[in-house]
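Heads up, the thing below is written out as structure tokens.
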């Protein structure tokens, strides 16, 4: 649930995503809370995947283990583009903790912390 | 809406502010082709959405999640293995909105713990 990886380094990744009407997580013409959360998770996954590929390592599957302090201020509508930023806060064994935020035209729509389990 | 294509629920029983139901997953849903190829796992965010959709049916109102302090995904849900899952919710009207605490589990495993605040749309 992302279109393009815009920037990426060992710590941060950012993506853009155009909300389309046929998205399974669109309800009443809006990307649902689940959709916006998945967009944060996939921005993290795109960043991990890109770096892993650059380092010529095998791509691993990742699962959300926990979400903390999720706040949703507004939901984006079909036809709108969202910009999502993720930063890795910590890595503890197979768990990676990230902080993510989603903006529309520079205005904050949602933010959370996520603990992601990466199966090696 | 993920209901009724990805999941259905039945036996919705209410007792005070507690609510119970049985969820059945559709293992043939296209979500499982991508998440992940050859290794179907219910995306965690779909569990969030299921809690919301069951609550909406119960209170007969459209709601939106405002904040969630903590969501824990404790065990993976394989739609082929876990065809039937229990959901238990506590739904309380507060000054700030509709507070929902929920769990998804079966006889042996706790899959998901949810604690969040919704507002009416």
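Of everything in region B:74-89, what is within 12 Å of chain A (Cβ to nearest Cβ) and buried (at least 18 other Cβ atoms within 10 Å of the Cβ)? Give them in sequence order.
B:77
In this structure, does residue A:119 turn out to be exposed (fewer than 14 other Cβ atoms within 10 Å of the Cβ), within 24 Å of residue B:77 (Cα to Cα) and either within 16 Å of the chain's Cα centre (by Cα) or touching a residue at least 40 places away in the same chain (Cβ under 8 Å) (or both)?
In short, yes.
Among the residues of region B:61-73, is any part of a loop (DSSP other than H, G, I, E, B), within 12 Å of chain A (Cβ to nearest Cβ) and free of Cβ contacts under 8 Å to residues at least 24 places away in the same chain?
Scanning region B:61-73, I find no residue that is part of a loop (DSSP other than H, G, I, E, B), within 12 Å of chain A (Cβ to nearest Cβ) and free of Cβ contacts under 8 Å to residues at least 24 places away in the same chain, so the answer is no.
Looking at (1) away from chain A (no Cβ under 14 Å); (2) farther than 25 Å from residue A:70 by Cα; (3) in contact with a strand residue (DSSP E or B) (Cβ under 8 Å, 6 or more places away or on another chain); (4) in contact (Cβ under 8 Å) with a residue 40 or more places away in the chain, which is the only condition residue B:27 fails?
Condition not satisfied by residue B:27: (3).
From the list A:57, A:4, A:53, which one is under 16 Å from the mean Cα position of the chain (by Cα), away from every other protein chain (no Cβ under 14 Å), closer than 26 Å to residue B:40 by Cα and surrounded by fewer than 23 Cβ atoms within 10 Å (Cβ to Cβ)?
A:4
Looking at region B:58-67, can you tell me whether even one residue there is crowded, with 20+ Cβ neighbours inside 10 Å and within 12 Å of the chain's Cα centre (by Cα)?
No, region B:58-67 contains no residue that is crowded, with 20+ Cβ neighbours inside 10 Å and within 12 Å of the chain's Cα centre (by Cα).
Across region B:90-114, what is the total count of residues that are over 26 Å from residue B:40 (Cα atoms) and touching a strand residue (DSSP E or B) at 6+ places or on another chain (Cβ under 9 Å)?
11
Inside region A:1-112, counting only strands (runs of 3 or more DSSP E) that do not spill past its ends, which hold 1 or more residues that are in contact with a strand residue (DSSP E or B) (Cβ under 8 Å, 6 or more places away or on another chain) and within 24 Å of residue B:113 (Cβ to Cβ)?
Per the criteria, A:61-72, A:81-92, A:95-104.
Computed from the coordinates by the stated procedures, all read-outs in this text should not be read as laboratory data. Bear in mind that the values here come from a model prediction, so they are computed numbers and not experimental data. Quick reminder, even Gly has a Cβ in these numbers, built from the backbone with ideal geometry, and neighbours come from all protein chains shown.
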